[in-house]
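Take a look at the structure below.
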Amino acid sequence: MLFDRVFLKFLLVGIINTLVGSAIMFVLYNAAHMSYWFSSGCNYFLSSILSFFLNKYFTFTVKRWSVFMIISFVVTIVVSYYFPFWIAEYAVNYFLQNNTENVKGNIALIAGTCLAAAVSYLGQRFVVFRNKQKGEEQVKTE
């Protein structure tokens with residue numbers, strides 16, 4: 001089931017992650033005048049570390065560790081960062097051509113964050129922290 005108690009826990013972790021990551025991202029972009037990619041990258045890198053531990057222990061209640069889990073998490077994070085933020089930047093630049101770079105950048109950051117959250121949820125739920133892997137016991141996620 002896609003929308004269940006696990007999904008609600010993921011949303012709660014996502015809210016915490018989004019608050020922490022967005023604060024980092026928007027301060028770097030607007031106050032420190034860092035680039036779009038640097039700002040969103042710092043957000044994603046730092047909040048990904050927080051996300052891994054919160055989702056592993058709270059959302060999916062997974063006790064096991066494996067090389068597959070770590071590698072698949074990293075791949076999921078890279079994919080859910082790069083493609084959604086690239087698509088958001090491209091779409092915003094295409095549809096909002098007459099706006100300032102600052103307005104376009106902020107809208108793209110918001111859109112990229114939303115798209116990235118969706119891709120990250122799917123990857124973490126069905127790949128990284130899935131219930132059962134070959135040769136391992138199943139860990140219930142409620």
Name the residue, out of Thr100, Thr76, Thr61, whose mean-square fluctuation peaks in a Gaussian network model built on the chain with Cα pairs under 10 Å.
Thr100
Order by accessible surface, 1.4 Å probe, largest leading, for residues Val78, Val6 comes to Val78, Val6
I'd like the carbon and sulfur percentage of the solvent accessible area for region 92-134, probe radius 1.4 Å, heavy atoms only, ligands and nucleic acids excluded.
63 percent
Among (1) 0.99; (2) 1.04; (3) 1.13, which one is Cα Rg over 2.2 N^0.38 Å computed from these coordinates?
(3)
Solvent exposure of region 1-56 as accessible area per residue, Å², 1.4 Å probe:
55 Å²
Residues in region 45-59 reached by a label modelled at Ala23 [backbone nitrogen below 20 Å; 7 Å Cα→Cβ]:
45-55
If you average the sequence gap of Cα pairs under 8 Å that are 6 or more apart and divide by the length of region 1-77, what percent do you get for the contact order?
33 percent
Within the accessible area of region 1-85 (1.4 Å probe), percent carbon and sulfur
84 percent
Run the numbers for Asn30 and Trp86: contour at 0.36 nm per residue of separation, minus the present Cα-Cα distance, in nm.
18.2 nm
If you only keep lysine pairs separated by 8 or more in sequence, or across chains, how many in the chain come under 20 Å at the Cα atoms?
11
Loop-only trypsin sites (Lys or Arg not before Pro) in region 56-135, please: DSSP not H, G, I, E or B, and at most 10 other Cβ atoms within 10 Å.
Lys63, Lys132, Lys134
Using the alpha-carbon atoms, what tilt in degrees (0 to 90, nearest 10) does helix 101-123 show relative to the longest principal axis of the chain?
10 degrees
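The values are calculated or read from the model by the stated rules, or taken from the named source; none is laboratory data. Small disclaimer: the values here were computed from a predicted structure and weren't measured. Methodologically, a virtual Cβ is constructed for each residue, glycine included, from the backbone with ideal geometry; neighbour enumeration extends over all protein chains shown. Surface areas here come from the heavy atoms of the whole protein model, side chains and all, with no ligands, DNA or RNA. Shrake-Rupley method; radii C 1.70, N 1.55, O 1.52, S 1.80 Å.
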